[in-house]
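The values are calculated or read from the model by the stated rules, or taken from the named source; none is laboratory data. Just so we're clear, the structure is a prediction, and the values are computed from it rather than from any experiment. Don't worry about glycine lacking a Cβ; one is built from the backbone with ideal geometry, like all the others, and counts go over all protein chains shown.
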Amino acid sequence: AGLGQSGVVDVILTRYIYNTAEVFKDTGHTARCFTVLREPIDRAVALFHSLKRNGAQAYKNMTMLEYAKSPLAEDNWMTRTITNTMEGTVTSAHFDVAKEIIGRKCLVGFVDNMDESMKRYAKFFRWDGAGQGHATTHQVKDAEERSTCAQKLAKGGVNRHQYGKIAEGSEIWKLLKKR
């Protein structure tokens, strides 16, 4: 629909980086990628609890250990997504490519440090008014409000739930790490 060349969108939020890159192909516009990463085992645990909480039948009576042993547990989701390898075996070569793409193409933030990540994004993308000469009182107030909002989201968010941590080295942790 011409989204990539329209100039009307500042941010596209997606997990489908290859599809999104196609939006900008041959448009003369350069997209910039930023990502928020989460420790993969924490992510797998949160996904399991989210699926249970949302009533997914396959997970209804499943324990975390059963999930970790099952084919339902994620299998290199991030590496698969970044390298566009959704089927088949993921190798160390895929992992190396994923690291290269993240390192060269993405501004990286971390879920466990969202406040700092949001500050990094705001500075890089000039969402805070940086680099625009002398800031007016209105610009300073807007920046303060955005910072307060980001801090609130980082601490609470709309998708924050508390789960017991999986002990490093435990059977569940080893199974999830292997996947």
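Values as computed for the structure displayed
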item: ASN76 vs. criteria in contact with a Pro (Cβ under 9 Å, 6 or more places away or on another chain), touching a residue at least 24 places away in the same chain (Cβ under 8 Å) and more than 26 Å from LYS123 (Cα to Cα); result: yes
item: Of all residues in the stretch 27-76 being of a type in the set (Phe, Trp, Tyr) and buried (at least 17 other Cβ atoms within 10 Å of the Cβ), the one that is modelled with the lowest pLDDT; result: TYR59
item: The stretch 11-26: number of residues that are touching a residue at least 24 places away in the same chain (Cβ under 8 Å) and surrounded by 14 or more Cβ atoms within 10 Å (Cβ to Cβ); result: 1
item: Wholly within the stretch 37-126, helices (runs of 4 or more DSSP H) carrying at least 2 residues that are of a type in the set (Lys, Arg) and within 30 Å of GLU145 (Cα to Cα); result: 114-125
item: Within the stretch 131-179, tally of residues that are more than 20 Å from the chain's Cα centre (by Cα), loosely packed, with under 13 Cβ neighbours inside 10 Å, of a type in the set (Gly, Ala, Ser) and modelled with pLDDT under 70; result: 2
